[in-house]
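Structure first, then comments.
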Amino acid sequence: MSSRGLRRALALGACWFSFACASPAVIVEKPRTDSPPVKVAPLLSSSLLDSTAQAAEAAGAARVETLAEGAGIPGDSVEALVNVPAGRCALLYARASAQLEDVDLLVFAEDGSELGSDEAEDAHPTVVVCPESEQRLFITARIIQGRGRVALGAHDVPPAVRDRVAAAAGV
């Protein structure tokens, strides 16, 4: 390296070093300690599912699994995936807050074929699916009318109590 190149490299290094050693231009505030930090709420259960879950469980379904929950306006959807083993049934339903007047539930197989739907004009669509072989199900709750919250629930259902659970859940 020539002496001219060496001087230039040293000058650049000194310039960089002086900026690195200078006091910071941005002052970072310390977090306030008088209030708790925002935390992500775990998706463990939804109060929207409670009454249907209790009725289904009393009729012989397994404990409810909250699959998804969200909020939206007409055209929005809440989606989830469920694996149903061969020889089992799944009770799938969406429940909505009072501000939602119509929600549809659509259930598709992995190949895109429709396995069930509830498109009645209400906010409590419910479907029971009993695939012959193990299936991965794609579930969509679509908001048709209103604005508010929607939760998707699922129960494992033994085939022997399928009809009783379906009736209890309002299918």
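A short reminder: the numbers here are calculations on the coordinates, not readings from a lab. Only a predicted model underlies this, so the values are computations on that prediction, with no experimental measurement involved. All Cβ positions, even for glycine, are placed from backbone atoms using ideal geometry, and neighbour counts span all protein chains on display.
Phi-derived couplings, Karplus 6.51 cos²θ - 1.76 cosθ + 1.60 at θ = phi - 60°, listed residue by residue for the range 89-94: 10, 10, 8, 10, 7, 10 Hz, with x used for Gly and Pro. Among the trypsin sites (Lys or Arg not before Pro) in the range 57-134, those located in a DSSP loop and surrounded by at most 13 other Cβ atoms within 10 Å of their own Cβ are Arg63. Legend: calculated FRET efficiency, Ala86 to Arg147, from the Cβ-Cβ distance at R0 = 41 Å, rounded to 0.05, equals 0.55. Calculated on the Cα set of the range 81-171, radius of gyration then Dmax: 12.9, 38 Å.
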